[in-house]
Amino acid sequence: MTWGGGFGGGFGGGFGGGRATAGLPFGGIPSELLDEATRLLDSEPARPASDLRFTQRPSAVESRRLTLGRLLGAYRGYLAGASLLVLATSLLLQLGPKITEYAIDHGMVPGHRSVRVVVAAGALYVVIALVNAVLQRWQTDTTGRLASRVMHDLRVRVFTHLQRLSLDFFTEEKAGVLMSRMTSDIENLQQLVQDGVAQFATQGLTMVVITAILFTTNAELAAWTVLLVVPVLAILSIWFHQASERGYLRTRDRIALVLADLSESLYGIRVITAHNRQRRNVSNHRHVVGAYRDANLYTGRVSSLYGPTTNLIGILGQALMLGIGGHLYLEHRLSLGALVAFFLYLNRFFQPIQLLVQQYNSLQQGRSSIIRLRGLLETPPSVDESPDAIELPPVSGRITLASVSFGYRAGELVLRDVDLEIPAGTTVALVGPTGAGKSTLAKLVNRFYDPTSGQVLLDGIDVRTVTLASLRRQIAVVPQEPFLFAGTIRSNVAFGRPDASSAEIEEAIDVVGLRELVNRLPDGVETAVHERGQTLSAGERQLLALARAFLARPRVLVLDEATSSLDLQSEQTVERALDRLLEGRTAILIAHRLSTAERADRIVVVDHGGVVEQGSPRELVARGGEYAAMHAAWVAAGGQRPG
Ligand code: ADP
């Protein structure tokens, strides 16, 4: 028996089973394993190209509430087949004791001795056992296929929904918790669909069938059984059910914490090492893992009480039946065959109860997983596309912010009533103290967030009225710390336009000044990028991100300047690349260094959530305001005007 075995299994299986995938906070495949992994991947069967299309708005099917019934209902054929097979096996299995009864009463007892009957009964028993084995194999196969398909659909659906959600969601949710939704919650459901539902149906049916058979065999003995055994068993089962549910919920919560801690520690390993936090980390992890162990110990204890106690009740029940049934036999109110059959059925009567209670747990686990996944699937993107959104036509790149206010949390405005006009083709540098709201302002332009009030317009069109895809096709964003994906230099440059030709990719590499690097690499543009580009320097990663933006040919560019101090040479290369990239485009530069700001056409000084000054660098210096003060401090510190 596998009491409590279901608790830990889901996690272990789900976690270890997944392949290292780009974008997960686990970095990537360690170099020493890479060759092997590549070999494994090469030997994987090729999947046909997917016809899957991502749409910003969920389809009618996707937006229906997630329920187990609907999940299974998508595969009616499998479901009907599995139900029939469950019914057939539940009925067939219960024929054995009946055959035994017949063989004893008509072939073994004095006065009815018949070798033919005994041999025929034995042979029939064998045939039934064989047929049943075949049917059971068939049933397991059918439910297995059903489960794989249902889970595949669900994984794709949850992942697709995650891709739709807005940035705020990922800021609020811990990556580890999301991972546990995608792994252990889905594993749980898989377990339920694969074994649980069929088991539940089989055991439930078996109990009904056995009860019916017991009553038809001998109503008196059956009534005694029900009266003496069932109430005790029911009370014990209810207790077990409640206690194990409590324990189960505890394990679920604690495994999510273990996962969260694990992913954070792996993701932040560089910072952890640099700050000598390993000891603290280990002791913290021991604490989290310890809490998980305690929860498991509790469920283990509960199971260890329930399993043996039900067994004991079963045996005590048999002892009682021996007394009562033997008495009935001696009084000729029960045949010997019927007494034996009774014993056999009684044995089989307990198994389903134990299994049902256990399966009820897995049903509960599955249900709570469904509830959690449903919560995730029903979270709407905060930046949503309106149903009648239009395609944004090619724009010249004029950006207008009209009375824009914005706060990440209700009641805490980060930007207050900002009015700003950026003419097409100009480069605007946002400067101001840290936390002033520069990045926030930039995030509103490509709709990473929507303003709380006011409007953001591109060429006079409110960005909320156009499709997100068409908007973001014309706006490229280069973040402060560019993210490189597992793949090659080429695939990273072509990230926004996978269909770009080789010539276009080569051009982008030339324009940003990456040629020298590419020539130096062993496989040129096909060189693999590992571990999010940790083998490249900060400047090279920045250039790669610029090449990516150049290839996307956006009308508008939002660029968060890298603060990581590049060495002078890389800085100059990046600046040259920027000059090429910005040519003829509207650009919003979040400038952390005044040397960058000085090169812009206009400077917008942001402070306390508003625009305090704007104008050309010369004008602002001449005006003697906030920028002039910053500029004076910068010049005093050794900065100089370029050119
Ligand atoms: P800047 O780019 O000028 O340094 P930001 O625009 O990043 O400043 O931040 C402006 C303010 O908004 C800061 O007080 C910051 O703490 C807050 N903030 C930034 N991002 C978030 C977020 N995702 N959730 C809540 N507050 C945020």
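Please state which of the following conditions residue 270 fails to meet, knowing it meets all the rest: (1) closer than 27 Å to residue 187 by Cβ; (2) surrounded by fewer than 13 Cβ atoms within 10 Å (Cβ to Cβ); (3) under 28 Å from the mean Cα position of the chain (by Cα).
Of everything listed in (1) closer than 27 Å to residue 187 by Cβ; (2) surrounded by fewer than 13 Cβ atoms within 10 Å (Cβ to Cβ); (3) under 28 Å from the mean Cα position of the chain (by Cα), residue 270 misses just condition (1).
Consider residue 383 against the criteria (1) of a type in the set (A, V, I, L, M); (2) assigned by TED's automatic domain parsing to the domain that holds residue 437; (3) within 16 Å of the ligand (Cβ to nearest atom): it satisfies all of them except one. Which criterion is unmet?
All conditions pass for residue 383, except number (2).
Answer with yes or no whether residue 409 is outside the structural domain of residue 163 (by TED's automatic domain parsing) and under 35 Å from the mean Cα position of the chain (by Cα).
yes
If residue 405 meets every condition in (1) under 30 Å from residue 236 (Cβ atoms); (2) small (Gly, Ala, Ser); (3) within 16 Å of the ligand (Cβ to nearest atom) apart from one, which number is that one?
The single condition residue 405 does not satisfy is (1).
Among the residues of segment 390-413, which ones are at positive phi and either free of Cβ contacts under 8 Å to residues at least 60 places away in the same chain or polar (S, T, N, Q) (or both)?
Selection gives 403, 411.
Please specify each residue of segment 301-314 satisfying the condition of being loosely packed, with under 13 Cβ neighbours inside 10 Å and within 16 Å of residue 234 (Cα to Cα).
Selection gives 308, 312.
Please give the number of the condition residue 580 fails out of (1) part of a helix (DSSP H, G or I); (2) crowded, with 16+ Cβ neighbours inside 10 Å.
(2)
Out of everything in segment 409-422 that is within 12 Å of the ligand (Cβ to nearest atom) and assigned to a loop (DSSP other than H, G, I, E, B), what residue ends up being farthest from residue 588 (Cα to Cα)?
410
What's the number of the condition residue 372 fails, among (1) away from the ligand (no atom under 16 Å from the Cβ); (2) closer than 30 Å to residue 595 by Cβ?
(2)
Is it true that some residue in segment 595-613 is of a type in the set (Val, Ile, Thr) and either within 15 Å of residue 478 (Cβ to Cβ) or more than 16 Å from the ligand (Cβ to nearest atom) (or both)?
Yes: segment 595-613 contains one or more residues that are of a type in the set (Val, Ile, Thr) and either within 15 Å of residue 478 (Cβ to Cβ) or more than 16 Å from the ligand (Cβ to nearest atom) (or both).
Right, residue 170: under 13 Å from the mean Cα position of the chain (by Cα), within 16 Å of the ligand (Cβ to nearest atom), without any contact (Cβ under 8 Å) to a residue 40 or more places away in the chain and farther than 30 Å from residue 207 by Cα or not?
yes
Evaluate the following for residue 347: is it at pLDDT below 90, farther than 30 Å from residue 473 by Cβ and not β-branched (Val, Ile, Thr)?
Yes; evaluated as a whole, the condition is true for this residue.
I need the helices (runs of 4 or more DSSP H) fully contained in segment 423-531, keeping only those with at least 3 residues that are more than 16 Å from the ligand (Cβ to nearest atom) and crowded, with 16+ Cβ neighbours inside 10 Å.
Result: 468-473, 489-493, 502-512.
Looking only at segment 570-585, decide whether some residue is more than 24 Å from residue 447 (Cβ to Cβ), hydrophobic (A, V, I, L, M, F, W, C) and modelled with pLDDT of 85 or more.
Scanning segment 570-585, I find no residue that is more than 24 Å from residue 447 (Cβ to Cβ), hydrophobic (A, V, I, L, M, F, W, C) and modelled with pLDDT of 85 or more, so the answer is no.
Restricting attention to segment 388-408, which residues are in a loop (DSSP other than H, G, I, E, B) and more than 12 Å from residue 464 (Cβ to Cβ)?
Within segment 388-408, 391, 393, 394, 395, 396, 397, 398, 407, 408 qualify.
Within segment 590-599, can one find any residue that is assigned by TED's automatic domain parsing to the domain that holds residue 556 and modelled with pLDDT of 90 or more?
Yes.
Going by the structure shown, is residue 599 over 37 Å from the mean Cα position of the chain (by Cα), within 23 Å of residue 400 (Cβ to Cβ) and of a type in the set (D, E, K, R)?
Criteria not met by residue 599.
Would you confirm whether any residue within segment 353-372 is surrounded by 16 or more Cβ atoms within 10 Å (Cβ to Cβ) and not in a helix (DSSP H, G or I)?
No, that holds for no residue.
The values are calculated or read from the model by the stated rules, or taken from the named source; none is laboratory data. All figures in this text were calculated on a predicted structure; none of them were measured in a lab. Reconstructed Cβ throughout: ideal geometry from the backbone, glycine too, with neighbour counts over all protein chains shown.
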